[in-house]
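Chemist: Next up is a structure, given as structure tokens.
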Amino acid sequence: MVCFTYFVTLALAYAGVVSAFPTHASLAGLSRDEVDRALASLEQATPTPPPGPLSDSGTKLVNDDLHPYIAPGENDIRGPCPALNALASHGYINRNGIANPAEIITAVMEGFNMDHGVAVYTTYAAFIVDGNLITNLLSIGEKTSLTGRSSSGTTAGGLNTHNTFEGDSSITRMDAYFGDNHNFNEKLFQEFIEYSNKYGGGKYNLSVACEFRRKRFQDSIATNPEFTIVAPRFYTAYADAVLPINLWVDGRQDDGQLDIEAARTFFEGGRFPPDFHRAARPMGANNEMVVFEAHPIEPGSNVKGVNTYTPDHSTPQKLDDLCVQYTFHVENTVRKMYPNPEGPLLESLKINLGYLFSAVKDKGCEELFPYGR
Ligand code: HEM
Ligand SMILES: *[C@@H]1O[C@H](CO)[C@@H](O)[C@H](O)[C@H]1NC(C)=O
């Protein structure tokens, strides 16, 4: 009997290793066989439609008794987005760091007062490429011990996955080329402080964002032989530069000047400052064009090692045109990752692309149906 139990346990463990596909790993880029094998072990969930805007959208205490900070446990996932890390550690999304798109949208609106359209667009754009379209789950990072994709050997990267949504020249995270694209980096933060002292009188504000954004591009051009900044990272790099100004300044202060201690609490701590009140009104990447226009660059890459930055005109340099960005994401980024989807994957893609479109519909964009209606 003991022997038999042992055998069964071993057999089950072995079956687990070869067939269980992580419930939150993306199916993008897998072959048809790999998708079929993944489907066999995944429980299908219905895609979740985006929630509507907040009914009460002013400032309020969000670091409250119902949402205490609890440091992530050993099995909890955190990733490259300090805001999502904070929402997980305060329980606005599951503390394990795995959530569905509707939960993420609700959380970024409730916890930070992120603008509804921006929240819906960003979340579905990232979810479609980095999330699991069958289980409807997205991981905000990667648990390094977890190796996901069966034969290809790639990991269940979630939002850490390089060059799908995450990309180079971040504010406080190193380029993936240097080995760690998602943890806080103190050296980069010291440069952030230096720039805030020099251009912001000790605060991070829009004037600092203009200069620091340029510095981070220049550093990557000069040091990262694989530096690349094309869609969607070309767009999110500018958004990320202004989000701390628009959404991390306490809503009662509301003056666009982020103090360094609060910046550290978010970037490094992945948590809200004590008594933190969310922004005074819904905001997104407001003023990113100011940052772009201060020192415009073209999308591009280092093509032959460091200091070989070459423009790549396939990414439209249209930071202010969400219809163009939507079109590029659907027709290029998403289609490349899912060239021939079938069955439940195809169905989910169509539904989630519809949700993505809902975020740009009132901008007059034309809806695209790359996989049919
Ligand atoms: C709406 C859902 C969101 C998704 C899917 C998302 C995803 C991401 C990802 C993938 C990154 C890494 C980008 C990179 O460095 O390559 C990132 C960075 C960042 N996110 Fe988010 N984010 C979301 C919401 C927010 C919100 C609400 C805020 C602000 C309150 C925010 C602030 C930031 C900042 C400041 C960075 C830059 C970190 C750095 O460069 O050091 N994000 N986000
Ligand atoms: C940023 O701070 C500096 C120093 O106080 C100030 O001169 C500059 O006008 C500020 N910029 C913005 C956009 O608030």
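Rule-based calculations on the coordinates, nothing more; no lab input. Just so you know, these numbers come straight off a predicted model, no measurement behind them. Note: ideal-geometry Cβ built from the backbone for every residue, glycine included; neighbour counts use all protein chains shown.
Chemist: How many residues are within 13 Å of ligand 1 (Cβ to nearest atom) and part of a helix (DSSP H, G or I) if we restrict to region 194-207?
Modeler: Step one: list which residues in region 194-207 are within 13 Å of ligand 1 (Cβ to nearest atom), which gives 204.
If we keep only those that are part of a helix (DSSP H, G or I) as well, we get none.
Of the residues in that region, 0 qualify.
Listed here are the residues, each with its yes/no results for (1) of a type in the set (A, V, I, L, M); (2) farther than 24 Å from Met283 by Cβ; (3) touching a residue at least 12 places away in the same chain (Cβ under 8 Å).
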site	(1), (2), (3)
Asp175	no, yes, yes
Asn181	no, yes, yes
Phe192	no, no, yes
Lys203	no, no, yes
Glu211	no, no, yes
Asp219	no, yes, yes
Pro225	no, yes, yes
Ala237	yes, no, yes
Leu243	yes, no, yes
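Residues are listed down the side, and each one gets a yes or a no for (1) charged (D, E, K, R); (2) within 17 Å of Gly167 (Cβ to Cβ):
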site	(1), (2)
Ala241	no, yes
Asp250	yes, no
Gln253	no, no
Gly256	no, no
Ala263	no, no
Phe272	no, no
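Chemist: Under 7 Å by Cβ, and 6 or more places apart or on different chains, what pairs join a residue from region 111-133 that is more than 9 Å from ligand 1 (Cβ to nearest atom) with one that is of a type in the set (S, T, N, Q) and in a loop (DSSP other than H, G, I, E, B)?
Modeler: Val129/Ser26; Val129/Thr164; Gly131/Ser26; Asn132/Thr23; Asn132/Ser26
Chemist: From Glu186, Glu166, Glu211, Glu191, grab the single residue that is within 10 Å of ligand 1 (Cβ to nearest atom) and of a type outside the set (Lys, Arg). Outline the logic, then answer.
Modeler: Numbers: Glu186 fails: within 10 Å of ligand 1 (Cβ to nearest atom); Glu211 fails: within 10 Å of ligand 1 (Cβ to nearest atom); Glu191 fails: within 10 Å of ligand 1 (Cβ to nearest atom).
That would be Glu166, the only listed residue that is within 10 Å of ligand 1 (Cβ to nearest atom) and of a type outside the set (Lys, Arg).
Chemist: From the list Glu226, Glu191, which one is part of a helix (DSSP H, G or I), away from ligand 2 (no atom under 16 Å from the Cβ), surrounded by fewer than 20 Cβ atoms within 10 Å (Cβ to Cβ) and of a type outside the set (A, V, I, L, M)?
Modeler: Of Glu226, Glu191, the one residue that is part of a helix (DSSP H, G or I), away from ligand 2 (no atom under 16 Å from the Cβ), surrounded by fewer than 20 Cβ atoms within 10 Å (Cβ to Cβ) and of a type outside the set (A, V, I, L, M) is Glu191.
Chemist: Could you grab the pairs with beta carbons closer than 7 Å, sequence gap of 6+ or different chains, first residue in region 269-291 and free of Cβ contacts under 8 Å to residues at least 60 places away in the same chain, second one hydroxyl-bearing (Ser, Thr, Tyr) and not in a loop (DSSP other than H, G, I, E, B)?
Modeler: Filtered contacts from region 269-291: Glu288/Tyr238.
Chemist: Of the residues Ile104, Ile93, which is within 15 Å of ligand 1 (Cβ to nearest atom), touching a residue at least 12 places away in the same chain (Cβ under 8 Å) and not in a loop (DSSP other than H, G, I, E, B)? Walk me through how you get there before you give the answer.
Modeler: Values: Ile93 fails: not in a loop (DSSP other than H, G, I, E, B).
Just one listed residue meets the conditions, Ile104.
Chemist: Based on what the data block shows, is Leu353 crowded, with 20+ Cβ neighbours inside 10 Å, under 20 Å from the mean Cα position of the chain (by Cα) and closer than 23 Å to His182 by Cα? Before the answer, list the steps.
Modeler: Numbers: crowded, with 20+ Cβ neighbours inside 10 Å: yes; under 20 Å from the mean Cα position of the chain (by Cα): yes; closer than 23 Å to His182 by Cα: no.
No, not satisfied.
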